[in-house]
Ligand code: BDP
């Protein structure tokens, strides 16, 4: 028996497919073996999975070829129906694999119909911030809320039969939602992990072998100082010939061991990680060094743009952490090699529950970009709180930086090199700690495949797959638990886009001033008269000027700035009236009460399905709801008390709220 949850791929979800007589017409290899293993092959097939160049073997497949476009792309597929036979047609085994999972999600088209799918982008990566060993205070996975690592145990790759089986099941989950690349170690590369690149490469091979049958390529986070740490060189200067030769040799050896290796993920000159700045070189020179070593093998460098050294200085109003990535990287547009992908966090600061879209994503037209989102809920409740993040991601992806009249979205401009998400998984029985947090992993994969998907549709898919045959009330309760949960979380935490009112270091629970006076603060600027950061071009840090028109103008004025971002862009009096008609201070009181009440109501609804959803899934979620409600009340009370004292303005609904105990 499994000691972990099947997530959205329980056996029941496969029944219909496995009950069919399948024929797989592929070239062979690990993915073809996977397809054979998932299906029951039989004579007189009514389910045909065919590569185009094998289609001649089957009448139905030949008919599919006549109907499908000439080129489905390297991972695309077509699903067609011919009488009783369903055909999945593709150019590669990858396409067949994705087509197979498509049939789990949706019925085949009606006879004579066709469904075509191609991913929006070729690289849909998941970054594991996994360390090789458990740190006594920090645990094993940086910002991990789902137990230990799925890959690493006490410094070595997990490789017992049970562990490999779990890795296999993990690969299936990832492939089923469209993820095709994975970084297997933390972007903060500790010394033991640095060795994965050279003398510990065998461990990476183990993981690559386990995930290859699912079309997933392995990437490695590397230390920029590797030539010094591992190669014994006196420098890691990107322009030094020895350093160049070292990266070339080392990378060749990696490809000898793993011929489909994906590439390197690099956090350089950021939060203490080494980088090219130490040698007076810039990020392009740094990234191109690794790119040159990877290029002959088809590998890529994901170079992270999470770089900030804008320390706050109360005497200088232009110091602003939000400006950092744009200031650092835009002068380098055009200088990155073709296989460098600049990996940019979706907001300008750091995965807060609400941030504007990073202006860098629209400002590097000549550089390949990847958008980085955070599935792990570092600032969004740490998988103790329900917080379905797809609506937030979808807003980012659909954002039109040049205004409504220009159809280009952030998904078009900022994902020319693909997507990355920080993983929310680990070896907890529910993969993600909180059973409902699985929806975030699933939704990330689906949105990376097609950023235009509606988050509610994705949620319906996930709910349906995860609870096959469950009573309607279970499904509607699960959906409603997740649907509006991000907005609920936003309501009871930091208001109107200020962010960062969390407890320092671990980032869970409220601490209004916890980070306010640290070197990179200040984040809310609350004083007796008002709150918010002036990031305007006229009187503020100038950050709003990093956006193209019309946004730079719209953000620049409190009259046109959207309410939900008002305090990110403006310092306003507590009595400032929002577009909603409420004052800022009353908005703070109201939303905190509402958010908390919504969390309480969600908990009540969950209790009501206890008898319909027996077992751990219900119990685990129920106990996390207890914590969510406790913590939401703490947020409400601290935030409201803080702003009441700062402003001296009472809650106009205070008496009424006291009466009903909220
Ligand atoms: C921050 C996390 C930190 C990460 C960093 C990063 O708090 O643990 O190392 O991002 O993205 O959000 O590198």
Residue 53 and residue 160 label points (each 7 Å along its Cα→Cβ direction) are spaced in nm at 4.4
Surface/4 of the Cα convex hull for segment 174-219, nm²
3.3
Taking Cα atoms of segment 62-215, Rg/Rh with Kirkwood Rh, to two decimals?
1.11
Cα gyration tensor of segment 136-189, axes a ≥ b ≥ c as square roots of the eigenvalues: rounded (a/c below 1.5), prolate (a/b > b/c) or oblate?
oblate
Would you mind computing, in nm to one decimal, how far apart the modelled labels at residue 192 and residue 110 are, each placed 7 Å from Cα along Cα→Cβ?
6.0
Neighbour-count order for 392, 138, fewest beta carbons within 10 angstrom listed first:
138, 392
Rounded to whole Å and sorted largest first, list the principal axis extents of the Cα atoms in segment 170-295.
45, 28, 26
Spatial extent of the chain: Rg and Dmax, with the Cα atoms as the point set, Å:
25.4, 80
Any chance you could list P(r) for segment 597-636, counting all Cα-Cα pairs in 10 angstrom bins from zero, rounded to whole %?
32, 51, 16, 2
Tail fraction, Cα-Cα pairs, segment 544-662, threshold 26 Å, whole percent:
41
Could you tell me what fraction of 2.2 N^0.38 Å the Cα radius of gyration of segment 1-81 comes to, as a two-decimal ratio?
1.24
Per-residue counts of other Cβ atoms within 10 Å, averaged by peptide: what ranking do you get for 649-659, 586-596, highest first?
586-596, 649-659
Can you give the Rg/Rh ratio of segment 231-314, where Rg is from the C-alpha atoms and Rh is the Kirkwood radius?
1.03
Direction-averaged shadow area of the convex hull around the Cα atoms of segment 565-633, nm²?
6.0
Fewest Cβ neighbours within 10 Å first, please rank 618, 168, 570 accordingly.
168, 618, 570
Once fully extended, how much extra length lies between residue 644 and residue 577, figured as 0.36 nm per residue of separation less the alpha-carbon to alpha-carbon distance?
22.4 nm
Between segment 80-114 and segment 415-471, the alpha-carbon center distance in angstrom
22
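Which order results if 442, 515, 279, 625 are arranged by neighbouring Cβ count within 10 Å, fewest first?
Least crowded to most crowded, the residues run 279, 515, 625, 442.
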Out of all Cα-Cα pairs in segment 386-455, roughly what percent, to the nearest whole number, are more than 21 Å apart?
32
From the Cα gyration tensor of segment 374-522, with a ≥ b ≥ c the square roots of its eigenvalues, which class applies: rounded if a/c is under 1.5, or else prolate if a/b is larger than b/c, or else oblate?
oblate
Using alpha-carbon pairs under 8 Å, 6+ residues apart, how would you state the relative contact order of segment 539-654 in percent?
21
Using only helices, what value at 222 nm comes out for the chain when you add -39,500 (n - 2.57) per DSSP H run of length 4 or more and divide by the total residues, to the nearest 500 deg cm²/dmol?
-11000 deg cm²/dmol
For segment 275-374, what are Rg and Dmax over the alpha carbons, in angstrom?
14.3, 50
Taking the Kirkwood radius as the inverse of the mean 1/r across Cα pairs, report the Rg/Rh of segment 329-414.
1.01
In Å and from the alpha-carbon atoms only, list the Rg and Dmax of segment 64-123.
10.8, 36
Point-to-point label distance, residue 235-residue 135, nm (Cα→Cβ direction, 7 Å offset):
3.1
Report, as a whole number in µm² per second, the diffusion coefficient that Stokes-Einstein gives for segment 463-609 at 37 °C and 0.692 mPa s using the Kirkwood radius over alpha carbon pairs.
189
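No value in this document is a laboratory result; all are computed from the given coordinates. Because the structure is a prediction, the values reported are computed rather than measured. Cβ atoms come from the backbone with ideal geometry, glycine included; neighbour counts cover every protein chain shown.
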